[in-house]
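Novice: Let me begin by handing over the structure; questions about it come next.
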């Protein structure tokens, strides 16, 4: 107790060490937008290999087209958020062979989406 002006008063409590200088952050790192840069050679190989493991018809031996389709999909990911139904439908539309638009089911499309995100736009 401290004596103030002849009256006994308690000193105010010391601030908690956790409360001093700590401000909760409400900022978030913005997600990238737009088309990601073209992948380097190692990333390209890993991406194409992963797609070919799922189904070789996805790339159809056309590496450049598969990369472009994936990069374009990266642009749509932030717009659609985590709407897996819309994203997998878009994957089926973009990656199915032109002569067989129903070639891939939703599970295959989800696998392709996962590969695209992992290799071409992990921060989206």
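Novice: Per 0.36 nm of contour for each residue apart, how much would the distance between residue 82 and residue 40 grow if the chain were fully extended, relative to their Cα-Cα spacing?
Specialist: Values: separation 42, 0.36 × 42 = 15.12 nm, distance 2.68 nm.
Stretched fully, the residue 82-residue 40 segment lengthens by 12.4 nm.
Novice: A further question follows. Against the globular-protein guess of 2.2 N^0.38 Å, express the Cα radius of gyration of segment 36-124 as a ratio, rounded to two decimals. Spell out each step's value before the answer.
Specialist: On the way: Rg = 11.8 Å, N = 89, 2.2 N^0.38 = 12.1 Å.
For segment 36-124, the normalised Cα radius of gyration comes out at 0.97.
Novice: How large is the Kirkwood hydrodynamic radius of segment 66-105, counting all unique pairs of alpha carbons, in Å?
Specialist: On the way: mean 1/r = 0.0950 Å⁻¹.
The answer is 10.5 Å.
Novice: Quick check on the exposure proxy: order 54, 48 from fewest to most C-beta atoms within 10 angstrom. Could the numbers behind the result be given before it?
Specialist: Working: 54 18, 48 21.
Listed from fewest to most nearby Cβ atoms, that is 54, 48.
Novice: Stretch residue 75-residue 102 to full length: gain in nm at 0.36 nm per residue minus the Cα-Cα span? Walk me through the intermediate numbers first.
Specialist: Working: separation 27, 0.36 × 27 = 9.72 nm, distance 2.32 nm.
Here the answer is 7.4 nm.
Coordinate-derived values only; no laboratory data. Values in this document were obtained by computation on a predicted structure and should not be read as measured data. Quick reminder, even Gly has a Cβ in these numbers, built from the backbone with ideal geometry, and neighbours come from all protein chains shown.
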